[in-house]
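All remarks here apply to the structure that follows.
The values are calculated or read from the model by the stated rules, or taken from the named source; none is laboratory data. Keep in mind that what you see is a predicted model, and the values were worked out from it rather than measured. Quick reminder, even Gly has a Cβ in these numbers, built from the backbone with ideal geometry, and neighbours come from all protein chains shown. The accessibility values were calculated without ligands, DNA or RNA, using every heavy atom of the protein model including side chains. Shrake-Rupley method; radii C 1.70, N 1.55, O 1.52, S 1.80 Å.
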Amino acid sequence: MNYTFAPPATVSVPVVGLSEQFPVHRIYCVGRNYEEHAKEMGGTGREAPFFFMKPADALRYAAPGATAHMPYPTLTSNLHHEIELVVAIGTGGRNIAAADAQRHIYGYAVGLDMTRRDLQNDMKKAGRPWCIGKGFDHSAPIGSITPAAQVPNIGQATISLGVNGAVRQNSTIAQLIWNVAETLEQLSAAWELQPGDLIFTGTPAGVGAVVAGDVMQGDITGLSGIRVAVVAA
Ligand code: MN
């Protein structure tokens, strides 16, 4: 094959305990999937799930025990953290029933849906797409993927985010409005899921701003935690 130029490298995420890398296809994100967060964003707390996407190369890998760096993005003065459970799809499919969802899941990771909140709010008001608020470069820090079989109780896990050692977000995966299986059912009705897809499942209440110099610590019980420093661009 002759390409016009060298094609970009495949984006991938390490897997806990294995030498293999999980190759990433797409990144789907779920909006307002914890009741208290939906309310803090001005919603009623329970509405049908909705989705947006980030480009795969927006991922920023945070290795265990290390501090990853995320450059403060351009065009914003209100960069928000959103800690989220990430589902990694191993087996694709369309119209997946919730009862059948588990066999499509390869594993789970801790992720951050970093958001230019000021730009997202501007776009909402104007009825325009969220891309500039959500899908910017380095907007998706992520930790290593843990195979699903190693975390059978993920549905009951605690999810938390601290900034400079102070807890900002703290909830449990059980608080999801649409649980992981239901999310797969709804998402796969709209897109055919493929191996390598990642799904950011939504954030609990407590989102807020970070600035250059802040260090975020994200954890979900049983998964590889992430430590991400926001650095001046
Ligand atoms: Mn989010």
Positions within region 21-80 being closer than 19 Å to Gln120 by Cβ, part of a loop (DSSP other than H, G, I, E, B) and of a type in the set (A, V, I, L, M, F, W, C), in sequence order: Met41, Leu75
Residue by residue through region 59-87, note down the ones that are of a type in the set (Val, Ile, Thr) and open to solvent by 30 Å² or more (accessible area, probe 1.4 Å). Thr67, Thr74
For Tyr28, only one of the following conditions fails: (1) more than 25 Å from Gly162 (Cβ to Cβ); (2) in contact (Cβ under 8 Å) with a residue 24 or more places away in the chain; (3) open to solvent by 10 Å² or more (accessible area, probe 1.4 Å). What is its number? (3)
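Which count do you get for residues in region 81-95 that are part of a loop (DSSP other than H, G, I, E, B) and within 20 Å of Val163 (Cα to Cα)?
Taking region 81-95 first, the residues part of a loop (DSSP other than H, G, I, E, B) are 82, 90-92, 94-95.
From what is left, the residues that are within 20 Å of Val163 (Cα to Cα) are 82.
Selection size over region 81-95: 1.
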I'm checking my understanding of the structure. Among residues of region 38-61 that are among the hydrophobic types (A, V, I, L, M, F, W, C) and more than 13 Å from the chain's Cα centre (by Cα), which one is farthest from Val231 (Cα to Cα)? Ala48
Quickly run through region 118-144 and pick out the residues that are open to solvent by less than 10 Å² (accessible area, probe 1.4 Å) and either within 12 Å of the ligand (Cβ to nearest atom) or over 20 Å from Glu84 (Cα atoms) (or both). Gln120, Gly133, Lys134, Ser139, Ala140
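Sort through Ala166, Ala148 and tell me the only one that's on the phi < 0 side of the Ramachandran plot and buried (at least 17 other Cβ atoms within 10 Å of the Cβ).
Working: Ala166 fails: buried (at least 17 other Cβ atoms within 10 Å of the Cβ).
It is Ala148.
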Would a scan of region 184-197 turn up a residue that is within 16 Å of the ligand (Cβ to nearest atom), modelled with pLDDT of 95 or more and part of a strand (DSSP E or B)? no
